[in-house]
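Enquirer: Just passing along the structure, written as structure tokens.
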Amino acid sequence: TDPHAADAVLDAVDVKLVPWDVCRHAAFLSGSTIDRLTDRNDACLTDFLARITERPREVTRTAYGRDGLVLADPLTAVGCVDRTVIQRTATHTGTIGRSAGHKRGALSLGTVDDPSAPRITLVEDVDPDRFRRLLIDTFGQ
């Protein structure tokens, strides 16, 4: 990862962000749902899916006290493809920077009253049921 390159890109384009707290609420897929999706007739595929979800599920259990996965990237992708998943946004002008003292990947939003500054759209609320239905319909086939 190149933080300086990320800064250059984020400062030059309009950005839509789905904050972690929104993802943690709306993009959580329970362990039982994951098990149902990964339980296939194909033993190799079932084993592969079980192996790649094992460690992230362990981290989620430790961090949040429940079995499952927070699917932040899929939520963001689905929100780009099917905008009905996104229920509320707020648009700001400003800059995005790496937050000092936060974990890797944490960003801070500095708003400015400058119409020429990049627009930053924050997703504030999504339809978690629609997201899960789309995900399950796609991967449950």
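The values are calculated or read from the model by the stated rules, or taken from the named source; none is laboratory data. Worth saying up front: this structure is predicted, and the values here are computed from it rather than measured. Every residue, glycine as well, gets a Cβ built from its backbone with ideal geometry; the counts of neighbours run over all protein chains shown. Ligands, DNA and RNA are excluded from the accessible area calculation, which covers all protein heavy atoms including side chains. Shrake-Rupley method; radii C 1.70, N 1.55, O 1.52, S 1.80 Å.
Enquirer: Could you grab the pairs with beta carbons closer than 6 Å, sequence gap of 6+ or different chains, first residue in segment 1-23 and open to solvent by 70 Å² or more (accessible area, probe 1.4 Å), second one modelled with pLDDT of 65 or more and part of a loop (DSSP other than H, G, I, E, B)?
Expert: Once the first residue is open to solvent by 70 Å² or more (accessible area, probe 1.4 Å) and sits in segment 1-23, its partners that are modelled with pLDDT of 65 or more and part of a loop (DSSP other than H, G, I, E, B) give Asp14/Pro118.
Enquirer: Are any residues in segment 89-141 small (Gly, Ala, Ser) and either closer than 15 Å to Val22 by Cβ or at pLDDT below 70 (or both), and if so, which ones? If you could, list the steps in order and put the result at the bottom.
Expert: The initial filter retains those residues of segment 89-141 that are small (Gly, Ala, Ser), namely 90, 94, 97, 99-101, 105-106, 108, 110, 116-117, 140.
Ala90, Gly94, Gly97, Ser99, Ala100, Gly101, Gly105, Ala106, Ser108, Gly110, Gly140 - these are the residues of segment 89-141 that are small (Gly, Ala, Ser) and either closer than 15 Å to Val22 by Cβ or at pLDDT below 70 (or both).
Yes/no per residue for (1) assigned to a helix (DSSP H, G or I); (2) free of Cβ contacts under 8 Å to residues at least 60 places away in the same chain; (3) open to solvent by less than 80 Å² (accessible area, probe 1.4 Å):
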{"site": "Leu49", "(1), (2), (3)": "yes, yes, yes"}
{"site": "Ile52", "(1), (2), (3)": "yes, yes, no"}
{"site": "Leu69", "(1), (2), (3)": "no, yes, yes"}
{"site": "Leu75", "(1), (2), (3)": "yes, yes, yes"}
{"site": "Val78", "(1), (2), (3)": "yes, yes, yes"}
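Enquirer: Only one of (1) open to solvent by less than 40 Å² (accessible area, probe 1.4 Å); (2) at pLDDT below 90 is not met by Ala27, so which one is it?
Expert: (2)
Enquirer: Is it true that some residue in segment 83-97 is touching a residue at least 40 places away in the same chain (Cβ under 8 Å) and open to solvent by 80 Å² or more (accessible area, probe 1.4 Å)?
Expert: The answer is yes; a qualifying residue exists.
Enquirer: Any idea which of (1) among the basic types (Lys, Arg); (2) in a helix (DSSP H, G or I); (3) under 30 Å from Ala117 (Cβ atoms) is the one Arg57 doesn't satisfy?
Expert: It fails just one condition, (3).
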